[in-house]
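Before any comments, here is the structure.
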Amino acid sequence: MAYWLMKSEPDVFGIDDLQRVQTAIWDGVRNYQARNFLRDQMHVNDEVLFYHSNARPAGVAGRAKVVRTAYPDPTAFDPKHRYYDPKSQPENPRWYAVDVAFVEKFRHFVTLDELRQHPALTDLLVLKRGNRLSITPMTAGEWEVIVGLGH
DNA sequence: GCCAACGTTGGC
DNA sequence: GCCAACGTTGGC
């Protein structure tokens, strides 16, 4: 069991969208380090904290879990899609996606500021200066603290 | 909208 | 392999 923080822009796809559809493909990852986490280390039932980026405020909106491990990202093969990448071919895929399922929306939205203030979260990768990774691992302890803040 | 930080691209 | 130019991310 692993614990992940996954960023999405709520204007594009937020926790409310996931709640509505319940299960969704997490596609559009176009960063090698994030892809490697997703492709090589994500397992079914891994915990996901759903982070709203490019939002006011930014922060953790709720929980999801992994329900399908990595498979080739179909949006990379679609020339009309904004995530299209001609260098990714079905016989040699460059980009991958997983499926995630809604678990809960936090009663209390945990803002980036609250994360920064908490002494147990100083090593959280998303708080590191300049961090742009859309998928980052965290420890079970960090996960528990953030879920506690959200409840 | 600004802009710092970062990743990727491509010429050499 | 270097590195300047460029594009993107994401908080504010």
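The values are calculated or read from the model by the stated rules, or taken from the named source; none is laboratory data. Bear in mind the structure is a predicted one, so any value in this text is a computation, not a measurement. Here the Cβ positions follow ideal geometry from the backbone for every residue, glycine too, while neighbour counts run over all protein chains shown. Surface accessibility is based on the protein's heavy atoms, side chains included, excluding ligands, DNA and RNA. Shrake-Rupley method; radii C 1.70, N 1.55, O 1.52, S 1.80 Å.
Here are the numbers for the structure shown:
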{"item": "On Cα atoms only, tilt of A:140-150 relative to the major axis of chain A in degrees", "result": "70 degrees"}
{"item": "Length-normalised contact order for the stretch A:3-141 - Cα pairs under 8 Å, 6+ apart - percent", "result": "33 percent"}
{"item": "Choice from A:VAL44, A:VAL21, A:VAL67 showing the highest fluctuation, given a GNM over chain A with Cα pairs closer than 10 Å", "result": "A:VAL21"}
{"item": "With every protein chain in place, the stretch A:3-141: carbon and sulfur % of accessible area (1.4 Å)", "result": "46 percent"}
{"item": "Selected from A:ILE25, A:ILE135, A:ILE15 as most flexible by GNM, with chain A as the system and alpha-carbon contacts under 10 Å", "result": "A:ILE25"}
{"item": "28 Å Cα cut-off, lysine pairs counted over the stretch A:3-141 (separation 8 or more, or different chains)", "result": "8"}
{"item": "Proximal charge balance of A:ASP16 [Cβ under 15 Å; K/R count +1, D/E count -1]", "result": "0"}
{"item": "Protection proxy ranking of A:30-43, A:74-87 - average other beta-carbon atoms within 10 Å, highest first", "result": "A:30-43, A:74-87"}
{"item": "Neighbourhood charge, 11 Å Cβ-Cβ cut-off, centred on A:ASP73 and excluding it, Lys, Arg +1 and Asp, Glu -1", "result": "+1"}
{"item": "Average silhouette area of the stretch A:1-49, convex hull of alpha-carbon atoms, in square nanometres", "result": "3.6 nm²"}
{"item": "With all protein chains modelled, accessible area of A:GLU91 [1.4 Å, Å²]", "result": "150 Å²"}
{"item": "Degrees between helix A:32-41 axis and first principal axis of chain A (Cα, 0 to 90, nearest 10)", "result": "80 degrees"}
{"item": "Cα pair distances exceeding 27 angstrom across chain A, given as percent", "result": "19 percent"}
{"item": "Nearest-10 value in Å² for the accessible area of A:LYS128, using the 1.4 Å probe", "result": "90 Å²"}
{"item": "Formal net charge of residues neighbouring A:VAL44 (Cβ-Cβ distance under 15 Å; K, R +1; D, E -1)", "result": "-1"}
{"item": "Accessible area per residue in Å² at 1.4 Å probe, computed on chain A", "result": "54 Å²"}
